[in-house]
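In what follows, a structure is listed as structure tokens, so that the remarks can point back to it.
The values are calculated or read from the model by the stated rules, or taken from the named source; none is laboratory data. Since the structure is predicted, the reported quantities are computational estimates derived from the model, not experimental observations. Cβ atoms come from the backbone with ideal geometry, glycine included; neighbour counts cover every protein chain shown.
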Amino acid sequence: MQTTTPYYYTSYVIAYRNDSGWSFIDFDDPKLKALHIGIVAGTPPADLLVRHDLMAHARPYALQVDTRFESPVHQMLTDIVNKEIDAGLLWGPIAGYYIHHDGLPLKMALIQNEPGAPRMAYHIAMGVRNNEPEWRRRINAAINGRRDEITAILRDYGVPSARRAGPGAATVRSPPAAMRISAPLALAALLLAATAAAQNRWGARATGLSRRRLPRAGAGDGRGRSGNRDRRGRAPVARQARGVRRCAAGAAPPGGPAP
């Protein structure tokens, strides 16, 4: 598998109350020793709590749950608001979504990478099959051509950007009430619509996606391989775009956007 050009760069964050009376700079701050800090078990920031001897008052939250019925991240943020814990270490995009979707009186600060520790900041990209370089090229073209729109969607959903912000509070804003779909679905709809338009404009021959490589559902590909390949994701781009737009028309899922 190959990866596309990254379309955003984000990080784990520390979330705490607006009225806490302190601001996070780094984990060497002696004030942290007395705080009760929430941590999702098995995530990279847990290593920082161990490295800085901050596990004495840590409260763990489950990593693997059925998100149809529970959300440890949302529970952690609620516990911070209710003063059951003082702060929490979470994946930035999920924390930002809940803070702004629910209007929680919390602020976030990006957690910086430390030498010798697991990385906190990551480039987010898409995965593409190795044998589809033209598909990867067209997705990259859509990403590069829609940078401003992608950035606007991420900002509107409260996703903190590690590229824009340094140490200290991350700057994000609340989404408009009219936007009900999740950020990942919105991004997928935007990019698939762009690539579908490109396919329609250039034609199957120009894009390298011939009729033989995109068989109808249940049909073979002319080389002795089962038509099941179409049902595993090889449907025409335009059909995928329509499917994503139909999903994007509904409300955000109960668990919020994917990490």
*Quick one: is Tyr97 more than 22 Å from Trp22 (Cβ to Cβ) and part of a strand (DSSP E or B)?*
no
*asked:* Need the failing condition index for Val73 against (1) touching a strand residue (DSSP E or B) at 6+ places or on another chain (Cβ under 6 Å); (2) at pLDDT 95 or above, just the number.
replied: (2)
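Quick grid of which residues meet (1) modelled with pLDDT under 95; (2) touching a Pro at 6+ places or on another chain (Cβ under 9 Å):
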| residue | (1), (2) |
| --- | --- |
| Ala56 | yes, no |
| Leu63 | yes, yes |
| Thr67 | yes, yes |
| Thr78 | no, no |
| Glu84 | no, no |
| Leu89 | no, yes |
| Ile94 | yes, yes |
| His100 | yes, yes |
*Qualifying positions in the range 103-139 - assigned to a loop (DSSP other than H, G, I, E, B) and free of Cβ contacts under 8 Å to residues at least 12 places away in the same chain*: Asn113, Pro115, Gly116, Asn131, Glu132
*asked:* Every residue in the range 150-184 that is modelled with pLDDT of 80 or more, part of a helix (DSSP H, G or I) and either on the phi > 0 side of the Ramachandran plot or surrounded by 14 or more Cβ atoms within 10 Å (Cβ to Cβ) (or both), please.
replied: Ile150, Thr151, Ile153, Leu154, Arg155, Asp156
*Do we have any residue at all in the range 88-97 that's surrounded by fewer than 18 Cβ atoms within 10 Å (Cβ to Cβ) and not aliphatic (A, V, I, L, M)?*
no
*Only residues that are over 13 Å from Ala87 (Cα atoms) and either under 28 Å from the mean Cα position of the chain (by Cα) or not in a loop (DSSP other than H, G, I, E, B) (or both): list them for the range 13-44, please.*
Ile25, Asp26, Pro30, Ala41, Gly42, Thr43, Pro44
_the range 79-95 residues that are assigned by TED's automatic domain parsing to the domain that holds Asn18, paired with ones that are surrounded by fewer than 20 Cβ atoms within 10 Å (Cβ to Cβ) and assigned to a helix (DSSP H, G or I) (beta carbon under 6 Å, 6 or more apart)_ = Ile85/Asp79
*Would you pick out the residues in the range 72-94 that are touching a helix residue (DSSP H, G or I) at 6+ places or on another chain (Cβ under 8 Å) and assigned to a helix (DSSP H, G or I)?*
Val73, His74, Leu77, Pro93, Ile94
_Ile94 vs. criteria under 18 Å from the mean Cα position of the chain (by Cα) and among the aliphatic types (A, V, I, L, M)_ = yes
*Go through the range 107-128 and count every residue that is among the aliphatic types (A, V, I, L, M), within 19 Å of Phe27 (Cβ to Cβ) and out of contact with any Asp or Glu (no Cβ under 7 Å at 6 or more places or on another chain).*
6
